[in-house]
Each structure stands twice: as structure tokens, then as C-alpha cells.
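Taking it in order: structure first as C-alpha cells, then the write-up.
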2 protein chains.
Amino acid sequence: MKWCRFQSGRTVAYGIIEGDTLTEVTGNPFDGYTRTANSTFVSRVKLLVPVIPPTFYAAGVNYRLHVTEMAERRGAKPEFPPAADVGYRANNALIPTDEPIVIPRDATDQVQYEGELVVVIGKRCKRVSEAQALDHVFGYTIGNDVSERTWQRGDRTFWRGKNTDTFKPMGPWIVTDLDPDSLRVTIRLNGKEMFSYAVKDAIFGIRQFISRMSQYLTLHPGDVLWMGTDGATENIKDGDLVEIDIPGIGTLRNPVVRER
Amino acid sequence: MKWCRFQSGRTVAYGIIEGDTLTEVTGNPFDGYTRTANSTFVSRVKLLVPVIPPTFYAAGVNYRLHVTEMAERRGAKPEFPPAADVGYRANNALIPTDEPIVIPRDATDQVQYEGELVVVIGKRCKRVSEAQALDHVFGYTIGNDVSERTWQRGDRTFWRGKNTDTFKPMGPWIVTDLDPDSLRVTIRLNGKEMFSYAVKDAIFGIRQFISRMSQYLTLHPGDVLWMGTDGATENIKDGDLVEIDIPGIGTLRNPVVRER
């Protein structure tokens, strides 16, 4: 199934997408829902961020080539994470597909995309094994972990380097019943393919993260886990268009503007 | 005014506390509310975490004596933060007053309290000055930033060191119309006063944090900002009772249990 959140006039609701058609539901996919008689073309509504997570988790550095290429640029030795220690991002920064990434006036030119798979939790869980982990996943969507590299390196935390308003595009929708091991992420900048990688090449996989996190944390329906990106990442600037494509899910597409 | 969230039977609602009496409201204090005819004694309901924040901010190291004493214990040089770079905590870890802090089986004995003031945002704000900052505050409550020090130091992030389930007691309620500069925080362990400090001795104050954060982030009603603690902190263990007291607000009181 393909689930979205959308706005149409004054209505904000969850919807089910079948082909080009969107059917509004009451309730939500996590706690229970009912299809309404309201249908329309997907193209006629504004898609919203597909879920507002109770907690917003991010794997951070989780692909080898990303670690080595980014270290090389800084003239540093690559350091691989020793364990699946999850990090956090913040809801203020979320924007849906098609909305602009806004680079603040005082940011450097080192604002970069990071295209990644997003895991959406479906069931409350605590202390699950790796074998049970995927049973607690609702579905998958796409994220762009936009980062201002000088703030990311220079500040004591990732607050503005990663969580400036509009720095977390997520969408366009959530797809259920996928095999995450079969997915590939492709990043395009102004139509040009910049990098492509297999989700399963992660240093720590989805099962490992969910199982390890759940030894200490309760995961809740709607929580999201961003899985990290692979490869070197490049600067984005005013007028650019970034697309993150995961066949089987869709395309997360955001224009870039710089504040004047 | 004194605001709480509470559960009574199957009702979960916001309420207004006057003396010993709690009056249930419909709606919430951020978007609008109406008093109902339902009143009861505060002692007859279960108090809940007074707000579930859209984003959960924490100042982290923000008091000089805490920095110097904790550095001394590690044999390290104290390092003061150069700027009000805010951090994050996670909603999964929130518990209300009177609920137990549960120390996981595999935690060391270095699980410690950190008693602090919590600022609750009342109005959406972006790019506010320090002079305007407090106009966007709804009120104040109390937090205990429980920390497992070996995980805090050894993991790549604070995920389990700070955000293990039950490690973020917050409450008992929110008090509006306070002068935060006049507040003192006192931490008691098993009835014994461990430390007491003035909120206004922070390295970076509430106005500085809100103003700086809002240059990049939109703050939303219900967001919380934990201001950090002062002084050395001590271990808590099975059977202990931790109380954080801020006269003018109240007392956040949590027993401690260790999983067997």
C-alpha cells in the first residue's frame, strides 16, 4: 500500500494512493482508519510530510564510501562507527516533497544533500531480536538529510548544521510491504545522476538498528529511522533541484533557494 | 496559572490547578481551551508528563560548576561551551512525577540525576531578539536529565546514555507568569539536599538560547528547552528517591529501581 498525508482546501488527512487516485481516510494507518467516499487525483492535492514522528532517529554515518570520501576531503583518517549508536534529528526541519530547501543567508556554500531510506515504525516495540525487527516496520519513505558542513563540524551539536528549518525533506509517501534489502537509492542534482547505492551495503542494517535501539528505547508507531547515505556529497545552491529516487517507493524532489 | 496533564479513569486531559483542586479543560493551553464542569482533588488523579513536545531541546553543559566538577572527576581540563548550541533529548524517555526511573540491567552504577529548569514554548517564533524571547514562553516546569555516564562518554551519541526509557522525568506541572531569573533549583537524594543553584547563573540564559535558536529554527508551542544543571552530580541506585525542587513551581519526585 501507498500512504500519504495531504492537504486539500482546509482538509488535512491521511490518504491511500492507488494509481493516480488518492482516497481520503479518517483516522490514521497506525491506530486504525476508515476509507471515506472522497477521492481525487494525487496531482490535485498538496502532499505533506507523510508522518510527524514522535521521535526522529537518524543512523548518521552508516555507509563506508561516505565515511572514507568525506574523511579524505578533510584530510582525515576514516573512522567507522563501532556500534549502531543512533542519533536524532528535529521535526521543525521537516518539509514535504516539492517544497524548497531554504539556505540561510549566513550559511557557507558547503550545504549538501544526503539521500537516504527512511524506515517508519508501525508497532510499539521494546527488546525485539534482529529476526523480529522488520515485523515492527510499517513501511518506507525517502529522506534528504541536508547538512551545512561547517556548522556540522564547528558547532557543539548538529542543531543548525542538520536541523535548520527546511533541512529535512521527507516523502513523498510511505510504501508498505517492501523488501528493504532490494532497494537502491539514487541521487540526482539538476537531473544529473550524482550517486547510486544499495541500501543493503549499510554498515549496520535496519534489523541491527531496531533491535539494538529497542534494548533501551521503546519504539512507537510513527517514529522514523533515517538510515544514512553513501558516497561523497556535493554542494547545493540557489536554483538547484535535488531528487532522491528509490524505485519501489518514488522520488523526493526539492528545489533549493538561498535567502537574500 | 498552574497547568497539568492528567489521567482519571479513561480520561486524559489538560487541567488547571487552583489550590488542591483540578479543573478539567477541553482543548489545550496552546491552541485554546474551555473549562469543563469536572473538578476533583489533584491528589485523586494521575499526573502525566505536562506536555509532549514536538521537539525536545536541551542546553546540555550550561553551568560552570557542573563543567569544572565533572571535568575534575575525569582528570580532564574543563571546557566551557563557546556558544549556545542546543542539543536534543527524546520523547520515549519522558515519565511524569512519581513514576520510577528504571536503570537497565546492564547499566553501570554511574547513573546520575541532573536537576534543571524546563522552559515551555507558548508561541510559534522565528528570529526573535533576546529582548522579545520571553514573550514566546508559555511557562516553566522541572526536568531530571538522568544520565548513564559511561554510555554518555563511550557511545557515538547520547541515545542510551541520556534517552533510555524513563531517563527523562518531567513535571509535575507547568507554571506560567514566573520570573525565571528569580528561580533556584534544589536537588535532594533520599531527603538530603545534594546541591542548590540559581537558574540565572547559567553560562547562556533562556533569552540567549531562544533568540539564537530562533535564528535558524522555528520554535513551536509545546516545544521544551531544558536549561542544564549545575554542580557535581551523584549516582542513584535501586531504592533511592530523587526530588528536584524549584520553589514557585513545585517538586518533581521519582523513585529509582534497577531491573533485575
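Readers should treat all values here as calculations from the given coordinates under stated rules, not as data from a laboratory. Small disclaimer: the values here were computed from a predicted structure and weren't measured. Methodologically, a virtual Cβ is constructed for each residue, glycine included, from the backbone with ideal geometry; neighbour enumeration extends over all protein chains shown.
General observations
- In nm, spacing of pseudo-spin labels at B:R44 and A:D109 (7 Å Cα→C-beta vector): 6.9 nm
- Size descriptors for the protein assembly as shown (Cα atoms only): Rg and Dmax, in that order, 22.9, 67 Å.
- Phi angles of the range A:23-39 translate, via the Karplus equation with coefficients 6.51, -1.76, 1.60 and θ = phi - 60°, into HN-Hα couplings of 10, 5, 10, 9, x, 8, x, 8, 9, x, 8, 9, 5, 9, 7, 8, 10 Hz per residue; Gly and Pro are given as x.
- Taking amide H as placed 1.01 Å from N in the peptide plane, B:T218 has its amide H under 5 Å from the amide H of A:D165, each at least 5 places away in sequence or on another chain.
- Given R0 = 56 Å, the distance between the Cβ atoms of A:L241 and B:A131 translates into a calculated FRET efficiency of 0.90.
- Under the combined filter of DSSP loop state and at most 14 neighbouring Cβ atoms within 10 Å, the range B:108-196 retains these trypsin sites (Lys or Arg not before Pro): B:K123, B:R124, B:K126, B:R127.
- Karplus-derived HN-Hα couplings along the range A:222-227 (A = 6.51, B = -1.76, C = 1.60, θ = phi - 60°), whole Hz, x at Gly and Pro: x, 4, 10, 10, 7, 8
- Note on chain B: GNM, Cα springs under 10 Å; of B:N92, B:N163, B:N144, the largest mean-square fluctuation is that of B:N92.
- Once Rg and the Kirkwood radius are both taken over the C-alpha atoms of chain A, their ratio Rg/Rh works out to 0.96.
- Its alpha carbons give the range B:1-128 an Rg and a Dmax of 19.0, 59 Å.
- Within the range B:43-65, backbone nitrogen closer than 15 Å to the virtual label 7 Å beyond the Cα of B:T176 toward Cβ: B:51
- Among beta bridges that DSSP assigns inside chain A, antiparallel share in %, nearest 5: 90 percent
- Shown is the FRET efficiency for A:E259 and A:R156, computed with R0 = 22 Å from the Cβ-Cβ distance and rounded to the nearest 0.05: 0.35.
- Taking the axis that rotates chain B onto chain A, the chain B residue nearest to it by Cβ, with the distance rounded to whole Å, is B:Y88, 2.
- Pseudo-label separations to other copies for A:V257 - Cα-to-Cβ vector, 7 Å, nm: 5.4
- The H on the amide N of B:A58, modeled in the peptide plane, is under 5 Å from the matching H of B:G87, B:Y88, B:R89, B:W226, each at least 5 residues off or on a different chain.
- When every Cα-Cα distance of the range B:1-48 is counted in 10 angstrom steps from zero, the calculated P(r) takes the values 29, 63, 8 percent.
- For chain B, the relative contact order comes to 26 percent (Cα pairs under 8 Å, sequence separation of at least 6).
- Given B:K192/B:K237; A:K77/A:K200; A:K123/B:K123; B:K46/B:K168; A:K46/A:K126, the pairs whose alpha carbons are separated by over 26 Å: A:K123/B:K123; A:K46/A:K126
- For the range B:129-141, the Karplus equation 6.51 cos²θ - 1.76 cosθ + 1.60, evaluated at θ = phi - 60°, returns couplings of 7, 4, 5, 8, 4, 5, 5, 9, 8, 7, x, 9, 9 Hz by residue, with Gly and Pro reported as x.
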